[in-house]
Amino acid sequence: MSTTLTTATPPERRSARLITELLAPANLVIAILVAIGWHSTASFSGIGWGPLAGLFCGGLPIAFIIAGARRGHWTDKHVKIRSQRWRDLSPSGGHL
């Protein structure tokens, strides 16, 4: 009979992970651009321009990094290994 010990993630670790994900640069860029768009025009047109800018400045870059991590170009979306951070971010990965 084999028994496996499963340990639950401590609450401190879960809250640290949540804070890390919420305050990630891509999320902050999107939130700030939405706030700036709304504040600058004080109308609904600004609310439309904010997410559009957020898509190009935060959404697409993080999607590219996540796709690269899934393909094995980087360790994860945080790119923890410093030598991987300088890799060319072009779609060809620096190979033409």
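Highest average first, the peptides 36-43, 16-23, 53-60 ordered by how many other beta carbon atoms sit within 10 Å of their residues are 53-60, 36-43, 16-23. When you count the other C-beta atoms within 10 angstrom of each residue and take the mean per peptide, 25-35, 61-71 line up highest first as 25-35, 61-71. Electrostatic bookkeeping for GLU21 treats Lys and Arg as +1 and Asp and Glu as -1; over the other residues with beta carbon under 14 Å from its beta carbon, the sum is +3. Here the spin labels are modelled as points 7 Å beyond Cα on the Cα-Cβ line, and at ILE62 and LEU28 they lie 1.2 nm apart.
Mind giving me the FRET efficiency for THR75 and SER15? R0 is 25 Å, r the Cβ-Cβ distance, nearest 0.05 is fine.
For THR75 and SER15, the calculated efficiency is 0.60.
R0 = 22 Å: FRET efficiency of SER83 with LEU52, Cβ-based, nearest 0.05? Efficiency computed from Cβ-Cβ geometry: 0.05.
Throughout, read-outs are computed from the coordinates displayed, never taken from laboratory work. Keep in mind it's a predicted model, so treat the numbers as computed, not measured. All Cβ positions, glycine included, derive from the backbone under ideal geometry; neighbour counts span all protein chains shown.
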